[in-house]
Amino acid sequence: MPLAILLTNSDGSPMTTMELFKAGGPIMWPILIVSFMLITVAIERVIFIFRENSRRQPELVDKMLERVEAKDVEGALELGKKSDDYVARILVYALTHKEHSLGNAFTRAASQEMQRFSQGLPTLDTCITAAPLLGLLGTVTGMMGTFASLNSATGDIGSAATKITGGVAEALIATMCGLGIAIMGLLPFNILNARAEQARHEVEDASNSLEIIISKSESTNAH
């Protein structure tokens, strides 16, 4: 109820977005910048995830591993070079450099691909953490303004009522916006984290499969 009263104008009409922004005080500018960063990074990362999901070809990766098991490395490379699947790209890089160090080549290629999935996550994490802290800072500055108005009222609180309610409104609006931005960023952040973890498992599975195939091939040659 107090928040509803503070979010209305003196004539009883609801505040517009711009009026709400102005009522939130100067701290609303950094909150706006944080929200812009969060939305921009989240949209870019979601588009990236959709694009990578559409390029996944697990059946082709299985065929590549089958070719390697059949000792047809060139055939596996030919299949992989036609694909945009990130696991296939890793396998192509590893098999291309297998004469030098298959394990190191696979690790290097996997690290580069995983870095692509992790891009933007630190920025999202920072925005989610910073937004409520900025809201809390706005609460402090708003309450400071309220107490300053009380001190300047010199016994006539009625004359300073507008300034007092303005300071309380600034505090509540800043807190509300900061918390809202943080809550809004949690969903894409957790989705992106989960997708990066899934990609890591897919790469590890391909690595284990390739290692088993190579070990089996070396064991067969030894016998």
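The values are calculated or read from the model by the stated rules, or taken from the named source; none is laboratory data. Computed from a prediction, not measured in an experiment: that's the story for all the values here. Note that each Cβ is placed from the backbone with ideal geometry, even for glycine, and that neighbours are counted across all protein chains shown. Note: accessible area is taken over every heavy atom of the protein model, side chains too, but ligands, DNA and RNA are not part of it. Shrake-Rupley method; radii C 1.70, N 1.55, O 1.52, S 1.80 Å.
Report relative contact order for region 26-133 in percent, whole number only (criteria: Cα-Cα under 8 Å, sequence separation at least 6).
31 percent
Any idea what log10 I(q)/I(0) is at q = 0.09, 0.11, 0.12 Å⁻¹ for region 1-139, Debye with uniform C-alpha scatterers and no solvent?
One equal scatterer on each Cα of region 1-139 leads to -0.51, -0.62, -0.67.
Would you mind putting 124-131, 67-74, 167-174, 18-25 in packing order, based on average other-beta-carbon counts within 10 Å, highest first?
Packing order, densest peptide first, comes out as 167-174, 124-131, 18-25, 67-74.
Tell me, what is the per residue accessible area of region 32-118 in Å², probe radius 1.4 Å?
Value for region 32-118: 57 Å² per residue.
Rounded to the nearest percent, how much of the accessible area of region 48-90 (1.4 Å probe, protein heavy atoms only) is carbon and sulfur?
About 47 percent, which is the carbon plus sulfur part of the accessible surface.
What is the total of Lys pairs in region 4-139 with C-alpha atoms under 17 Å apart, excluding same-chain pairs fewer than 8 positions apart?
Eligible lysine pairs with Cα atoms under 17 Å apart amount to 5.
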